[in-house]
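In what follows, a structure is listed as structure tokens, so that the remarks can point back to it.
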Amino acid sequence: MKIGLIDVDGHNFPNLALMKLSSYHKSKGDNVEWYSIFEEHYDIVYMAKVFTHTPDYQQFITNADKIVRGGTGYDVTSRLPVEAEKVVPDYSIYSFVDNNTAYGFLTRGCIRKCPWCIVPKKEGGIAPYQDVEEIAVDGRTNLILMDNNILAAGEYGLEQLRKIAKNGYRIDFNQAMDARLVNDEIAELLASIKWLNYIKFGCDTPAQIKDCEEAINKIRHYGYTGSFFLFTILRGELDECYHRVNYWKDSRFQQKVKPFAQPELDFTKTRQIIPQWQKDMAHWANKKTCYFGVDFVDFEPRKGFRCKAYFK
């Protein structure tokens, strides 16, 4: 069979589902390639789309017997075929993925039901999914782990973190962790792990400011000297978001706690109108020379406009 792949989002982050489908079909002896409108014929074309707001693939596909559309951007209930779920991904289809890096999930789902998050609907409650040693294959020891709440996985999650520390893997939980679950045992364990960039937490509500600060102090107590990265959803009132983002400029944090502001996205809609103040606050917060160099009220995202106008 001849298989065509389309990464509809087309960003610089590999689509794990497409890599697994490629590996699965190649194991059956099928020919797999990126889809081309100039190719005479495909038996199956897989189209993967993560984000609802990503423009859909515009070409009309006439050279495929079957087209399979999957991913949250098309259908929150879509799933990989069972036989393709846990195969080793085919990293060769993305030239920008180096030979030391692997992607995967240790767990799926989450115990929280945050109204802005699609995970509870898509994946349900948290459950074990794959052992870290099944992800770190072929000498790939830099691991991008996409778990939504690894710290909520109880003893299984702790076991995986212990294996990560013992084997010396360098990791990134790129969806962040839940600071509310960091006790002393977890803090000591997180401090012992090698991190690719930062330790990441979510800070999406006013209450989580305290949770994040307590987690940060505990982890530092056990010897971690690196930086922290806080995913910060912009939702609700301007003043609250400003306080939650601006809080981390305090000198106590020595510019080692860096919020990343993200306007709230609605995954049920293909078109969204994002308030301009959210766009400007994200611009200010996510460019660290701006964030640490000027207060948001004095930030000038456009010539002749200062953000203090939002507070009038």
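Quick note: the coordinates plus some simple rules give every number you see, no bench work behind them. Predicted model only: the values in this text are computed from it and were never measured. Here the Cβ positions follow ideal geometry from the backbone for every residue, glycine too, while neighbour counts run over all protein chains shown.
Indicate, rounded to the nearest 5 percent, the antiparallel portion of the DSSP beta bridges found entirely in the chain.
Working: 3 of 40 bridges.
Bridges in the chain are about 10 percent antiparallel.
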- Message: With equal scatterers on the alpha carbons only and no solvent term, can you work out the Debye log10 of I(q)/I(0) for the range 205-256 at 0.15, 0.17, 0.18, 0.20 1/Å?
- Response: -0.44, -0.55, -0.61, -0.74
- Note on the structure: Mean Cβ-within-10 Å packing, highest first, puts peptides 145-154, 46-55 in the order 145-154, 46-55
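Please go through the residue pairs LYS256/LYS303; LYS200/LYS288; LYS122/LYS194; LYS2/LYS122; LYS113/LYS256; LYS279/LYS312 and name each one whose alpha carbons sit more than 22 Å apart in this structure.
Result: LYS256/LYS303; LYS122/LYS194; LYS2/LYS122; LYS113/LYS256 exceed 22 Å.
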- Peptide ranges 297-310, 11-24, 216-229 listed from the most packed, as the mean C-beta count within 10 angstrom indicates: 11-24, 216-229, 297-310
- Query: TYR129's amide H: which non-local residues (gap 5+, or another chain) put their own amide H closer than 5 Å, with H modeled 1.01 Å from N in plane and none for Pro or chain starts?
  - Reply: THR107, ARG108
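Checking the a/c ratio against 1.5 first, then a/b against b/c, what shape does the Cα gyration tensor give for the chain? Show your work: numbers first, answer last.
Working: a/c = 2.15, a/b = 1.33, b/c = 1.61.
It is oblate, given that a/c is not under 1.5 and a/b is not larger than b/c.
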- Give me the angle, in degrees from 0 to 90, between the Cα long axis of helix 154-167 and the longest principal axis of the Cα atoms of the chain, rounded to the nearest 10. 80
- Put in order of increasing Cβ neighbours within 10 Å, starting from the fewest, HIS41, HIS283 give HIS41, HIS283
- Give the distance, in whole Å, between the Cα centre of the range 33-90 and the Cα centre of the range 207-263. 38
- Taking every pair of alpha-carbon atoms in the range 9-105, what share in percent sits in each 10 Å bin, from 0 to the bin with the longest distance? 14, 46, 36, 4
- Item | Degrees, to the nearest 10: 207-221 long Cα axis against longest axis of the chain | 90
- Query: chymotrypsin sites (Phe, Trp or Tyr not before Pro), restricted to the range 58-156: which are DSSP loop and have at most 11 other Cβ atoms within 10 Å?
  - Reply: PHE60, PHE96
